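Enquirer: Take a look at the following structure, please.
The values are calculated or read from the model by the stated rules, or taken from the named source; none is laboratory data. Here the structure is a predicted model, which is why all the values come from computation and not from measurement. FYI the Cβ positions are ideal-geometry reconstructions off the backbone, even for glycines, and counts take in every protein chain you see.
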Amino acid sequence: MILIDGKKAAAELRAELKEEVAELKSKHNKVPGLTVILIGDLTPSQIYVRNKEKSANEVGLKSEVIKYPDSVEEKTVLEKIQELNSDETVSGILVQLPLPKHIDKQKVIEAIDPSKDVDGFHPMNVGNLSSGYESSIPCTPLGCYLLIKKIEPNLSGKKAVVVGRSNLNGKPMTQLLLKENCTVTITHSKTKDLKAECLEADIIVAAVGIPELVRGDWVKRDAIVIDVGINKTDNGIVGDVHFDEVSKNAKALTPVPGGVGPMTIACLLKNTIDCFKRSQI
Ligand code: GUN
């Protein structure tokens with residue numbers, strides 16, 4: 001079994017991006033900039049944002065974090081986004097989710113200029129991705145896609161099963177696999193026989209947030225299995241895939257942690273650089 005090393009793949013991607021930033025700097029005399037808006041004091045969000053800032057600095061991006069208390073008014077956030085939209089030194093804007101209840105998530109996402117939407121959550125980018133046009137691609141599915149391509153460069157005709165239909169992961173993952181000519185099945189909580197669907201798959205991407213849902217006897221011998229789950233349990237952090245069981249069956253599997261997670265942040269840096277490059281044309 002191939003243990004897919006997301007940490008290593010992310011470090012390789014960051015090294016490539018660092019070189020690219022240096023080239024862009026010498027060509028344009030400026031570097032791409034990423035601005036993250038962090039609202040409230042949720043610990044996981046703070047940790048994510050700190051990691052994003054650290055990685056951005058490491059590859060040479062200009063990075064800024066704007067922090068607001070939980071009580072901030074929606075209007076203040078929307079005005080800040082407008083300001084960042086017209087700031088030429090800002091290539092990418094990310095508003096860390098989740099947001100406090102009094103702030104309308106969709107309003108915030110739609111306020112971001114689609115050309116600076118490094119999350120790929122704006123309806124314009126969602127539509128462009130599903131139409132096969134150039135767009136920002138949500139970072140986690142993009143990271144999963146790059147890991148799958150490392151194992152299997154030609155995905156044409158493969159049967160892929162995506163477990164979970166979220167806007168963040170399942171739906172964009174489906175679009176990326178479709179673009180690669182996979183036959184894709186999206187499954188979810190109302191799917192009749194999830195095990196039977198998974199048993200058909202050459203590629204399984206599990207992104208439902210149910211600890212160790214995908215079992216060893218759900219997986220074909222030569223399947224590639226990507227685990228997007230990060231679930232807190234009494235036994236520590238586990239994924240959506242039963243690692244010990246599936247590792248005995250699958251051809252390749254991502255661990256949790258150390259699989260998809262590190263790739264997500266590296267892809268955010270990639271998206272920021274791509275937004276910058278498109279803005280220079
Ligand atoms: N919170 C958890 N994951 C994400 C993400 O990919 N983007 C944003 N903006 N917030 C998140």
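Enquirer: From Ser136, Ser156, which residue is within 17 Å of the chain's Cα centre (by Cα) and small (Gly, Ala, Ser)?
Expert: Ser136
Enquirer: Kindly evaluate Val36 against the criterion of being at pLDDT 95 or above, more than 17 Å from the chain's Cα centre (by Cα) and either part of a strand (DSSP E or B) or surrounded by 13 or more Cβ atoms within 10 Å (Cβ to Cβ) (or both).
Expert: Numbers: at pLDDT 95 or above: yes; more than 17 Å from the chain's Cα centre (by Cα): no; either part of a strand (DSSP E or B) or surrounded by 13 or more Cβ atoms within 10 Å (Cβ to Cβ) (or both): yes.
So Val36 does not fit the description; no.
Enquirer: Checking the conditions here, which among Val72, Val118, Val90 is within 14 Å of the ligand (Cβ to nearest atom) and touching a strand residue (DSSP E or B) at 6+ places or on another chain (Cβ under 8 Å)?
Expert: Val118
Enquirer: Could I ask something else about it? Does Leu253 count as farther than 28 Å from Gly92 by Cβ, buried (at least 22 other Cβ atoms within 10 Å of the Cβ) and out of contact with any His (no Cβ under 8 Å at 6 or more places or on another chain)?
Expert: yes
Enquirer: Across region 93-115, what is the number of residues that are over 17 Å from Ser45 (Cα atoms) and away from the ligand (no atom under 11 Å from the Cβ)?
Expert: Number of matching residues: 9.
Enquirer: All but one of (1) on the phi > 0 side of the Ramachandran plot; (2) away from the ligand (no atom under 11 Å from the Cβ) hold for Thr43, so report the exception by its number.
Expert: Result: Thr43 passes all but (1).
Enquirer: Okay, moving on. What is the residue count in region 230-278 for residues that are within 16 Å of the ligand (Cβ to nearest atom), in contact with a Leu (Cβ under 8 Å, 6 or more places away or on another chain) and not in a helix (DSSP H, G or I)?
Expert: Looking only at that region, the number is 2.
Enquirer: Taking interchain pairs and intrachain pairs at least six residues apart, which have beta carbon atoms under 8 angstrom, with the first residue in region 72-99 and closer than 10 Å to Thr35 by Cα and the second loosely packed, with under 13 Cβ neighbours inside 10 Å and of a type in the set (Phe, Trp, Tyr)?
Expert: none
Enquirer: Looking only at region 100-117, decide whether some residue is among the aliphatic types (A, V, I, L, M), surrounded by fewer than 18 Cβ atoms within 10 Å (Cβ to Cβ) and part of a helix (DSSP H, G or I).
Expert: For region 100-117, residues among the aliphatic types (A, V, I, L, M), surrounded by fewer than 18 Cβ atoms within 10 Å (Cβ to Cβ) and part of a helix (DSSP H, G or I): absent.
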